[in-house]
1. Name the residue, out of G136, G144, that is free of Cβ contacts under 8 Å to residues at least 60 places away in the same chain and surrounded by fewer than 11 Cβ atoms within 10 Å (Cβ to Cβ).
2. If you check V82 against the conditions, is it touching a residue at least 24 places away in the same chain (Cβ under 8 Å) and farther than 30 Å from L13 by Cα?
3. Give the stretch 1-14 a look and list any residue that's aliphatic (A, V, I, L, M) and modelled with pLDDT under 75, or say none.
4. Among the hydroxyl-bearing types (S, T, Y), under 30 Å from L49 (Cβ atoms) and open to solvent by less than 100 Å² (accessible area, probe 1.4 Å): which single residue out of T106, T165, T66 fits that description?
5. Looking at (1) open to solvent by less than 60 Å² (accessible area, probe 1.4 Å); (2) more than 30 Å from Y12 (Cα to Cα); (3) at pLDDT 90 or above, which is the one condition that is false for K154?
6. Within the stretch 15-32, track down each residue that is at pLDDT below 85 and either surrounded by fewer than 11 Cβ atoms within 10 Å (Cβ to Cβ) or over 22 Å from the mean Cα position of the chain (by Cα) (or both).
7. Quick one: what pairs do we get from the stretch 99-111, first residue modelled with pLDDT of 80 or more, second in a loop (DSSP other than H, G, I, E, B) and open to solvent by 80 Å² or more (accessible area, probe 1.4 Å), C-beta under 8 Å, 6+ apart or different chains?
8. Taking only the stretch 123-177 into account, find how many residues are out of contact with any helix residue (DSSP H, G or I) (no Cβ under 9 Å at 6 or more places or on another chain), acidic (D, E) and either in a loop (DSSP other than H, G, I, E, B) or at positive phi (or both).
Amino acid sequence: MEIFGMSLVQMYLVVLIISGLATVLYVLFSDLAEGIGEGTPLLDPAVLLPFITFVSASGYVLELTTSWHSGLIISIALIIAVILDFLLYFFVLLPLRSAEVSLAYTDESLVGQVGKVIVPVPKDGFGEIVIESVNGIISKRAAGYENEPIEYDKEVLIMEVRDGTFIVKEYEPFRFK
């Protein structure tokens, strides 16, 4: 069977190469096409291009490895593509779209976290604490809550932030007996 003067195997291969290149280009320049397919996931290039790639790849492999009728091969290729595209959409694309990871933080967002004293906090003075977060280790100036001194290597709870200074209190974790 021939389409546009090419055998079916050649047609699958040409579509596979073109859709594969289009997918790579879409990945590189997807910010330019942002918003396309927002309303209908079926028109989203991130769903449509892999579908075409899956159909052509499955059809190409089946045409080369089996002696089945071309109608059966395209039907099986479409079923395979629908399944793989469904899995791609629901297990990769949807979780990626809903993930909001940011490395930005504000001092106020650190209130309530536990840190560790690396420079002792004297009475009526300043020391330094470190807070471990997803951003890495953050070092901040600290003063004692109610001006109490806090020794080196003690865990502290961040109570509030005043003018860039973290007001901390020695942390006493609740332990069940």
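The values are calculated or read from the model by the stated rules, or taken from the named source; none is laboratory data. Please read all numbers here as calculations on a predicted model, not as lab measurements. As a convention, Cβ positions derive from the backbone with ideal geometry for all residues, glycine included, and neighbour counts pool all protein chains shown. Note: accessible area is taken over every heavy atom of the protein model, side chains too, but ligands, DNA and RNA are not part of it. Shrake-Rupley method; radii C 1.70, N 1.55, O 1.52, S 1.80 Å.
1. On inspection, the qualifying residue turns out to be G136.
2. no
3. Of everything in the stretch 1-14, those that are aliphatic (A, V, I, L, M) and modelled with pLDDT under 75 turn out to be M1, I3.
4. Values: T106 fails: under 30 Å from L49 (Cβ atoms); T165 fails: under 30 Å from L49 (Cβ atoms).
Selected residue: T66, the only one of T106, T165, T66 that is among the hydroxyl-bearing types (S, T, Y), under 30 Å from L49 (Cβ atoms) and open to solvent by less than 100 Å² (accessible area, probe 1.4 Å).
5. (1) is the only condition that K154 fails.
6. Step one: list which residues in the stretch 15-32 are at pLDDT below 85, which gives 27-32.
Correct list: L28, F29, D31, L32.
7. none
8. 6
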